[in-house]
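J.: Sharing a structure with you now.
Bear in mind these aren't lab numbers, they're just calculated from the coordinates by the rules spelled out. Small disclaimer: the values here were computed from a predicted structure and weren't measured. Because the Cβ atoms are built from the backbone with ideal geometry, glycine has one as well, and the counts that use them run over all protein chains shown.
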Amino acid sequence: MTYLIIGITGVVSYLAFNDSSLRAKMLFVPAMVKNRGETYRFITHGFIHADFMHLLLNMWALYIFGPFAEVSFIIMFGQTFGGAAYLLFYLAAIAASSYITYTRHQDNYGYTALGASGAVAAVMWPFIFFQPWAWFVFPPLPAIILGPAYIAYSHYADKRGTGNIGHNAHLWGAIFGLVTFVILAATFAPYILADFAGMLMQPTMPF
């Protein structure tokens, strides 16, 4: 399912790079959601990107995190329904990550947003719960530190309000992912959380 999402996102983003009308129809424009009822934009904007670098970074992160998330949903819901549950989680994360942005900009026709960053931020958490001591080259942090640091930085950057990056979507995507994954794991596969707690007590170093 992860590779299918990456493939669809890559194709749709490429088409939107070359078709401004398609891009305009898929952008997240809070004012159009409010005044025209175009609620589909809560989802479609997650499948288009500003440029190839934006697309590459998001899909590379999804390539790393996605398989762990997919496996976790298969563990919780079984082979038959796990993939569908993972897809619903991903789509819900796209929408949830944009809700606060919607409340802020629902009367601003000049505001637009796009990209899968919010959903990718949500998908990060299953990886963290399965590999809390996995180290990243950049930033040079273990996953268990990277997750909270990502939320803290996104909150700080959103408060500053500078640049064209949707830090608010990153923040709420990450929060949605953490809260939702913990609730689902506690309900359907509590041993995931127990194993996570055990791994936290046995830190591993990259050298």
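J.: So what is the calculated 222 nm ellipticity per residue for the chain, using -39500 (n - 2.57) for each DSSP H run with n of 4 or more, over all residues, to the nearest 500 deg cm²/dmol?
T.: -24000 deg cm²/dmol
J.: Measuring from label point to label point, each 7 Å out along Cα→Cβ, what is the D51 to V11 span in nm?
T.: Rounded to a tenth, the inter-label distance reads 2.6 nm.
J.: For Y111 and T80, calculate 0.36 nm times their separation in residues minus their Cα-Cα distance, and state this gained length in nm to one decimal.
T.: 7.1 nm
J.: Which label belongs to the value computed from this structure, given these candidates for mean projected area of the Cα convex hull in nm²: (i) 12.1; (ii) 13.7; (iii) 15.8?
T.: Among (i) 12.1; (ii) 13.7; (iii) 15.8, the one derived from this structure is (i).
J.: Hey, another quick one. Between A149 and I64, what is the label-point separation in nm under the 7 Å Cα-to-beta-carbon projection?
T.: 1.2
J.: Would you work out if the range 63-185 is rounded, prolate or oblate? Take a ≥ b ≥ c from the square roots of the eigenvalues of the alpha-carbon gyration tensor; rounded if a/c is under 1.5, else prolate when a/b is larger than b/c, oblate otherwise.
T.: Verdict is oblate for the range 63-185.
J.: Between V71 and L141, what is the label-to-label distance in nm when each label sits 7 Å out along the Cα-to-Cβ direction?
T.: 2.4
J.: Okay, which of the range 38-64 sit inside 19 Å, backbone N to the point 7 Å along the Cα-Cβ direction of L87?
T.: Residues 40-48, 62-63 qualify, since their backbone N sits under 19 Å from the label point.
J.: Using Cα springs under 10 Å in a Gaussian network model of the chain, which residue among L146, L87, L22 shows the largest mean-square fluctuation?
T.: Greatest mean-square fluctuation among the candidates belongs to L22.
J.: Can you give me the C-alpha center-to-center distance between the range 180-200 and the range 97-123, rounded to a whole angstrom?
T.: Between the Cα centre of the range 180-200 and that of the range 97-123, the gap is 29 Å.
J.: Which order do S97, S20 fall in if you start with the one that has the fewest other Cβ atoms within 10 Å?
T.: Arranged by neighbour count, lowest to highest, S97, S20 become S20, S97.
J.: In a Gaussian network model over the chain where Cα atoms closer than 10 Å are linked, find which of L27, L171, L56 has the largest mean-square fluctuation.
T.: Comparing L27, L171, L56 in a Gaussian network model of the chain, the most mobile one is L56.
J.: Another question, if that's okay. Taking the chain as a Gaussian network, where each spring joins two C-alpha atoms under 10 Å apart, which residue of I100, I175, I43 fluctuates the most?
T.: Of I100, I175, I43, the Gaussian network model singles out I100 as fluctuating most.
J.: Over the chain, what is the mean sequence separation of C-alpha contacts under 8 Å (at least six apart), divided by residue count, expressed as relative contact order in percent?
T.: RCO, the chain: 23 percent.
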